[in-house]
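The values are calculated or read from the model by the stated rules, or taken from the named source; none is laboratory data. Quick caveat: nothing in here was measured; it's all calculated off a predicted structure. So basically every Cβ, Gly included, is an ideal-geometry build from the backbone, and we count neighbours across all protein chains shown. With ligands, DNA and RNA removed, areas are computed over all heavy atoms of the protein, side chains included. Shrake-Rupley method; radii C 1.70, N 1.55, O 1.52, S 1.80 Å.
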Amino acid sequence: MTITESTSARPHNRNLPPRVPGLPLLGNALDFLNRPIEFFLESYHKYGPIFRITAANQKFIVMGGLEANRFFSQDKDELFSSEPLFGEFAVQMGSRNVMIAQDGEPHRHMRKIMQHGYSKSGLAPHLDAMAELTYQTVSTWEPGQTLYARDAFQRLVTEQLGLALTRHSSREHFEAIRIYLSTLLNVLAIKRQPRILLSMPHYVNARKKVLEFVKLVLEEHRQTPNPQAPDLVDDMLTALDWNGDPFKEEDILAAAIGPFFAGMDTVANTMGFMIYAILKHPEVYEAIQAEVDEHFANGIPPYTELPKLQHLYAATIETLRRYPVAPFTPCGTTRDFEFAGYHVPAGSDIIIANGLTHFLPEFFPDPWTFDIQRYIAPRKEHKQGLGIFAPYSLGAHTCLGAGVAEVQLMVTVGALVRAAKLELIRPDYELKSVLMPIPGPDPKFQIRVAKRRL
Ligand code: HEM
């Protein structure tokens with residue numbers, strides 16, 4: 001790695017990464033929005049681990065592959081920054097201390113405070129409640145009924161996380177939470193919707209409702225603190241900020257929204273892909289059903305035991321690999337640097353294509369095939385070393401809730417399979433991935449409840 005000091009008068013003859021040709025005006029926008037993983041893979045094979053793309057009026061430098069993943073993961077806040085991309089996201093959340101937008105020491109400080117609230121051990125007492133909520137949801141489904149998977153899973157996952165991490169149900173506020181988050185991501189993170197949406201009543205009212213709701217969450221935590229088993233909000237209320245002062249009200253409010261945002265697209269989309277993948281592989285579905293019938297019958301096993309349900313665990317990991325919902329990480333650069341022989345100027349918009357390695361046959365043979373045997377000894381393909389299996393991205397902002405996500409996926413998919421026999425509308429149905437705002441199952445994807453089993 002070579003880092004060079006940034007200068008305002010930048011020489012023009014530096015060796016910039018190759019530019020991927022695109023259409024007039026649109027540039028590479030269509031490929032980027034419609035088939036991002038395939039497009040990045042083709043460009044990686046053609047141009048190497050770094051290349052430039054344009055999407056309408058935006059310019060990005062894309063870095064992908066193992067070398068790029070490792071380079072990104074080893075950065076110690078010298079080169080990459082989240083602030084340029086998520087700074088405005090934080091403004092819209094009303095706080096200067098939103099973790100995803102922070103860099104350096106203040107960011108590391110915030111991660112430490114939130115570590116317990118977003119940990120598997122913090123989630124441990126709530127596993128039975130998570131499964132119970134799944135069973136209750138299934139009990140409202142009629143045999144023969146069809147369901148839009150994305151919508152159903154977004155509601156379930158968000159409610160589970162709200163109850164487990166803040167003791168509050170999201171049910172009545174779900175639509176407002178969904179509008180608030182999707183507008184922020186579409187307008188500010190992937191910039192595919194116009195800024196005007198941020199001043200439209202649809203968004204403004206949703207944001208107001210969510211803030212009113214989390215104010216109640218804070219009030220309840222202040223009145224009934226739980227020092228024996230503090231959750232994320234209890235932790236924020238007692239923690240000090242980076243300067244040693246109590247956090248401001250707006251910082252605690254923004255932090256309390258986090259659990260309601262965290263799984264809405266990520267876990268719910270992964271769950272949609274996972275249900276599709278196991279329905280397409282009936283032998284895997286049946287093996288998972290046998291495991292959960294045996295091991296979930298007297299309550300959910302401790303999270304440390306869940307990976308022993310080999311098929312459930314391997315199907316979860318394989319879904320995260322084959323259907324990564326966060327295959328790229330946008331960020332900015334704070335200094336000039338060289339990578340793979342090319343110059344990257346300070347102030348560039350970068351996309352780290354962390355999920356490309358999942359589709360390189362040297363790491364995952366026959367990479368487009370869903371194959372849970374990859375994770376069963378002796379293959380263990382997810383344990384090949386840093387930067388190869390990277391569904392949660394890498395580096396300073398790598399997902400703090402990765403453990404929670406995996407446990408939630410195993411408990412909820414396991415409970416769904418135990419409580420109902422699900423099926424595809426048509427056995428030959430092929431699921432499309434849609435960027436909205438991160439890759440997810442086509443919102444029109446439906447599953448049918450063949451029968452209830454509990
Ligand atoms: C399959 C599920 C999930 C995936 C694929 C995922 C992926 C990611 C990724 C890629 C990032 C980094 C974003 C960036 O660098 O810009 C991230 C950050 C984060 N995730 Fe997740 N996530 C998942 C579920 C969850 C869940 C369930 C929680 C909490 C309950 C959570 C909490 C967080 C937090 C707090 C951050 C911010 C970390 C920081 O800024 O330091 N995630 N996630």
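Summary table below
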read-out: Residue in segment 49-68 that is of a type in the set (D, E, K, R), farther than 30 Å from Leu360 by Cα and either at pLDDT 95 or above or out of contact with any strand residue (DSSP E or B) (no Cβ under 6 Å at 6 or more places or on another chain) (or both) present; value: no
read-out: Options Val210, Val233: the member that is under 25 Å from the mean Cα position of the chain (by Cα), under 20 Å from Met114 (Cα atoms) and of a type in the set (Val, Ile, Thr); value: Val233
read-out: Residue list for segment 415-452, filter: part of a loop (DSSP other than H, G, I, E, B) and more than 17 Å from Pro282 (Cα to Cα); value: Lys432, Met436, Pro437, Ile438, Asp442, Pro443, Lys444, Phe445
read-out: Matching residues in segment 305-315 - criterion: being open to solvent by 10 Å² or more (accessible area, probe 1.4 Å) and within 15 Å of the ligand (Cβ to nearest atom); value: Tyr313
read-out: Checklist (1) β-branched (Val, Ile, Thr); (2) assigned to a helix (DSSP H, G or I); (3) farther than 16 Å from Asp265 by Cα applied to Thr412, failing item; value: (3)
read-out: Pair list, Cβ < 7 Å and 6+ apart or interchain, from segment 83-98 residues that are outside any loop (DSSP other than H, G, I, E, B) to residues that are more than 12 Å from the ligand (Cβ to nearest atom) and among the basic types (Lys, Arg); value: Ala90/Arg96
read-out: Any hit, segment 344-357, residues being surrounded by fewer than 20 Cβ atoms within 10 Å (Cβ to Cβ), outside any loop (DSSP other than H, G, I, E, B) and out of contact with any Gly (no Cβ under 9 Å at 6 or more places or on another chain); value: no
read-out: Residue in segment 106-116 that is crowded, with 17+ Cβ neighbours inside 10 Å, outside any helix (DSSP H, G or I) and of a type outside the set (Asp, Glu) present; value: no
read-out: Tally, over segment 170-186, of residues that are open to solvent by 10 Å² or more (accessible area, probe 1.4 Å), under 20 Å from Gln136 (Cβ atoms) and within 16 Å of the ligand (Cβ to nearest atom); value: 0
read-out: Odd one out for Arg453, checked against (1) more than 16 Å from the ligand (Cβ to nearest atom); (2) modelled with pLDDT of 95 or more; (3) under 30 Å from Phe86 (Cβ atoms); value: (3)
read-out: Only one of Ala152, Ala129 that is open to solvent by 50 Å² or more (accessible area, probe 1.4 Å), modelled with pLDDT of 95 or more, closer than 29 Å to Leu424 by Cα and out of contact with any Asp or Glu (no Cβ under 7 Å at 6 or more places or on another chain); value: Ala129
read-out: Residue list for segment 145-181, filter: assigned to a loop (DSSP other than H, G, I, E, B) and out of contact with any strand residue (DSSP E or B) (no Cβ under 8 Å at 6 or more places or on another chain); value: Arg167, His168, Ser169, Ser170
read-out: Residues of segment 399-433 satisfying the condition of being more than 12 Å from the ligand (Cβ to nearest atom), surrounded by fewer than 17 Cβ atoms within 10 Å (Cβ to Cβ) and within 22 Å of the chain's Cα centre (by Cα); value: Lys432
read-out: Residue count, segment 208-224 (criterion: under 14 Å from Glu249 (Cβ atoms) and of a type outside the set (D, E, K, R)); value: 6
read-out: Selection count, segment 42-68, where residues are in a helix (DSSP H, G or I), surrounded by 21 or more Cβ atoms within 10 Å (Cβ to Cβ) and aliphatic (A, V, I, L, M); value: 1
read-out: Pick from segment 210-229, criterion touching a Gly at 6+ places or on another chain (Cβ under 9 Å) and at pLDDT 95 or above, ranking: surrounded by the most Cβ atoms within 10 Å (Cβ to Cβ); value: Val217
read-out: Total residues in segment 316-326, condition within 9 Å of the ligand (Cβ to nearest atom), open to solvent by less than 10 Å² (accessible area, probe 1.4 Å) and under 12 Å from Asn354 (Cα atoms); value: 1
read-out: Selection count, segment 107-162, where residues are touching a Ser or Thr at 6+ places or on another chain (Cβ under 6 Å) and within 11 Å of the ligand (Cβ to nearest atom); value: 2
